[in-house]
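Below is one structure; the comments refer to it alone.
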Amino acid sequence: MAHFQEVSKRSAMHPKPAGLVLEYGTAGFRSNAKHLDHIMFRMGLLATLRSKKTKAAIGVMVTASHNPEEDNGVKLIDPMGEMLSAAWEDHATLLANVEQQDLPCVLEDIVEKENIDMSQEAIVFVGKDTRSSSDRLSQAVLDGVCVLHSHNKDYGLVTTPQLHYLVCCNNTQGHYGEATVNGYYSKLCQAFIELTKNTPNRTDDQKHLTLDGANGIGALKVREMERHLKRELQVSLFNHGNGQLNHQCGADFVKVQQKLPAGIKVNAGERCCSFDGDADRIVYYYTDSDGHFHLMDGDKIATLISTFLKELLIQAGLNLELAVVQTAYANGSSTRFLEDTLKLTVRCTKTGVKHLHHVAQEFDIGVYFEANGHGTVLFSKSAEEKIKQLADNPNTDDGRKRAAILLCHTINVINQTVGDAIADMLLVEAVLALKGMTVQQWDAIYTDLPNRQLKVKVSDRRVINTADAERRAVSPAGLQEAIDALVKNYRHARSFVRPSGTEDVVRVYAEADTQESADSLAHQVSLAVYRLAGGVGNEPKPLH
């Protein structure tokens, strides 16, 4: 255990709170910031081991995304900018929860199990969001990195997607882009300008966008990026750090509450969007002349992008398989539009972007978005090569060449490593400009079915097991049959339940042809969950 003698001494400066147990989930670790010092130190250790194992830079991002200001969290980033390998999530959970005296033994076990050469050089990239606790916690990560004599690069304040991008750039020796924040702005903004210069009649009104920055890191970074945009996109920024992070603002608030964020002033029909706290989610919206709120969430964003890409592929004469990946939370109207109108392959997978990302990799072009606005587009290496060859071929006719060149710029405006609110914003703005679409015309592509999400407290969420991408309940006995019978009572209806990943609650989703029906179905399914899955407290009450 010679490698880890110093770890024991240093870990005493980052003590583990008694009785605290945390699990590495899709979003890494998240909790109240005061509980996380030992987690950060240990993730610095784990990132170093992961770097030695992969012989590549590994990222550690200190953020709690859309959670309240008092929370914080950490997630590790693998060599190609993707989320941490599932096998190493187990190592992370074990390392986080082991008692201090057993820490060297657990590290030795990981080294042995993964056959890690401890003499291998390691480098860890560290980033943080704007929370008041992030300085202290990112320093704890660096302490963990330094105690194992690893190299580190502290990028300071960056969005989560920027750190994913920087890790990928470094590990592709600059092939994906320059591993600096300025390199990120240059690549994305240059591609955006190249795309939108094909729309010479754009007015200043059409170039204008109102952005709610959630009082988070995304607002700071959009301000930095503006000079690269050369006024081809003119952003009016609200909630830029003048208020509390994610409080009554941000993508999660807008999506869940279905209303404008606090502190934003807009005219009827004005195009608006909101980031979440670490700028990996985005939703669009507007209010109409009657003051009604209209939301374009991840489903609407995926549909807009898919329509655009399919049109370009047809114009370019390229036979590439374009598919859209959704979760069970995707609105049924979006799925029908994609399958019946666009004639695209649609795949449904478990909730959590890591699941969507893996399925999207199976296609030439995979568009994936969760309804919450977290998503991106993946192009296979083969697809990128075919597009580039067509664009570069002097014998390509003008129509096909123009489409291929637009596809090349589209690839460069996208952050393929992870969902990225800034990159997704630039892509949506470019697509609307190129198609000459207003936000109202985009909204009218299809009409969402009314829906409702509820949650039911249970004594043990593990009694709920699901199949078919979480759309069917396998246990407890009789629950799925009860849901099926209830759904038959409503038009255009469906409902599913799934256990929370973090607390003893069961999440209920229902949709139907009217809001009243969706609310009624959600309530009836909640009662079934309460009665068949060990509900605690009072029975769920009707919404109306």
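The values are calculated or read from the model by the stated rules, or taken from the named source; none is laboratory data. Computed from a predicted model, the values in this text were never measured in an experiment. Virtual Cβ from ideal backbone geometry, glycine too; neighbours counted across all protein chains shown. Protein only, heavy atoms only, side chains kept; ligands, DNA and RNA dropped before computing areas. Shrake-Rupley method; radii C 1.70, N 1.55, O 1.52, S 1.80 Å.
With the checklist (1) over 24 Å from residue 370 (Cα atoms); (2) open to solvent by less than 50 Å² (accessible area, probe 1.4 Å); (3) charged (D, E, K, R) in hand, flag the one item residue 278 doesn't pass.
(1)
For every residue, the table says whether it meets (1) polar (S, T, N, Q); (2) within 25 Å of residue 20 (Cβ to Cβ); (3) part of a strand (DSSP E or B); (4) free of Cβ contacts under 8 Å to residues at least 40 places away in the same chain.
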{"position": "457", "(1), (2), (3), (4)": "no, yes, yes, no"}
{"position": "481", "(1), (2), (3), (4)": "no, no, no, yes"}
{"position": "489", "(1), (2), (3), (4)": "yes, no, no, yes"}
{"position": "498", "(1), (2), (3), (4)": "no, no, yes, no"}
{"position": "503", "(1), (2), (3), (4)": "no, yes, no, no"}
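With the structure loaded, tell me whether residue 14 is at negative phi and touching a helix residue (DSSP H, G or I) at 6+ places or on another chain (Cβ under 7 Å) or whether it fails that test.
Working: at negative phi: yes; touching a helix residue (DSSP H, G or I) at 6+ places or on another chain (Cβ under 7 Å): yes.
Yes; evaluated as a whole, the condition is true for this residue.
Could you check residue 238 against (1) surrounded by fewer than 17 Cβ atoms within 10 Å (Cβ to Cβ); (2) touching a strand residue (DSSP E or B) at 6+ places or on another chain (Cβ under 8 Å) and say which number it fails?
Result: residue 238 fails condition (1) only.
Residue 418 versus (1) part of a helix (DSSP H, G or I); (2) surrounded by 20 or more Cβ atoms within 10 Å (Cβ to Cβ): which is the lone unmet condition?
With (1) part of a helix (DSSP H, G or I); (2) surrounded by 20 or more Cβ atoms within 10 Å (Cβ to Cβ) applied to residue 418, the lone miss is (1).
Results for (1) hydroxyl-bearing (Ser, Thr, Tyr); (2) open to solvent by less than 60 Å² (accessible area, probe 1.4 Å); (3) under 30 Å from residue 309 (Cβ atoms), shown as yes or no for each residue.
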| residue | (1), (2), (3) |
| --- | --- |
| 134 | yes, yes, no |
| 144 | no, yes, no |
| 151 | no, no, no |
| 181 | no, yes, yes |
| 189 | no, yes, yes |
| 199 | yes, yes, yes |
| 204 | no, no, yes |
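Somewhere in region 286-298, is a residue open to solvent by 30 Å² or more (accessible area, probe 1.4 Å), in contact (Cβ under 8 Å) with a residue 40 or more places away in the chain and not in a strand (DSSP E or B)?
First, the residues of region 286-298 that are open to solvent by 30 Å² or more (accessible area, probe 1.4 Å): 288-294.
Cutting the leftovers down to in contact (Cβ under 8 Å) with a residue 40 or more places away in the chain gives us 288, 294.
Imposing the further condition that a residue be not in a strand (DSSP E or B) reduces the set to 288.
For region 286-298, residues open to solvent by 30 Å² or more (accessible area, probe 1.4 Å), in contact (Cβ under 8 Å) with a residue 40 or more places away in the chain and not in a strand (DSSP E or B): present.
What are the residues in region 91-134 that are aliphatic (A, V, I, L, M), under 15 Å from residue 16 (Cβ atoms) and in a helix (DSSP H, G or I), if any? It would help to see each step written out before you state the result.
First, pick out the residues of region 91-134 that are aliphatic (A, V, I, L, M): 92, 94-96, 98, 103, 106-107, 110-111, 116, 118, 122-124, 126.
Going one step further and asking which of them are under 15 Å from residue 16 (Cβ atoms), we end up with 92, 94-96, 98, 103, 106-107.
Listed by number, the residues that qualify are 92, 94, 95, 96, 103, 106, 107.
Cβ-Cβ under 7 Å, sequence separation 6+ or interchain: first residue in region 303-332 and of a type in the set (Gly, Ala, Ser), partner in a helix (DSSP H, G or I). Which pairs?
Correct list of pairs: 306/338; 316/390; 316/400; 316/403; 316/404; 316/407; 317/400; 330/299.
Residues in region 25-48 that are open to solvent by less than 20 Å² (accessible area, probe 1.4 Å), more than 17 Å from residue 278 (Cα to Cα) and in contact with a helix residue (DSSP H, G or I) (Cβ under 7 Å, 6 or more places away or on another chain): how many?
11
Of the conditions (1) within 30 Å of residue 382 (Cα to Cα); (2) among the acidic types (Asp, Glu); (3) open to solvent by 20 Å² or more (accessible area, probe 1.4 Å), residue 460 fails just one. Which one is it?
Exception for residue 460: condition (1).
Yes or no, residue by residue, for (1) closer than 26 Å to residue 155 by Cβ; (2) of a type in the set (Ser, Thr, Tyr); (3) in a loop (DSSP other than H, G, I, E, B):
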position	(1), (2), (3)
6	yes, no, no
10	yes, no, no
19	no, no, yes
34	yes, no, no
66	yes, no, yes
76	yes, no, no
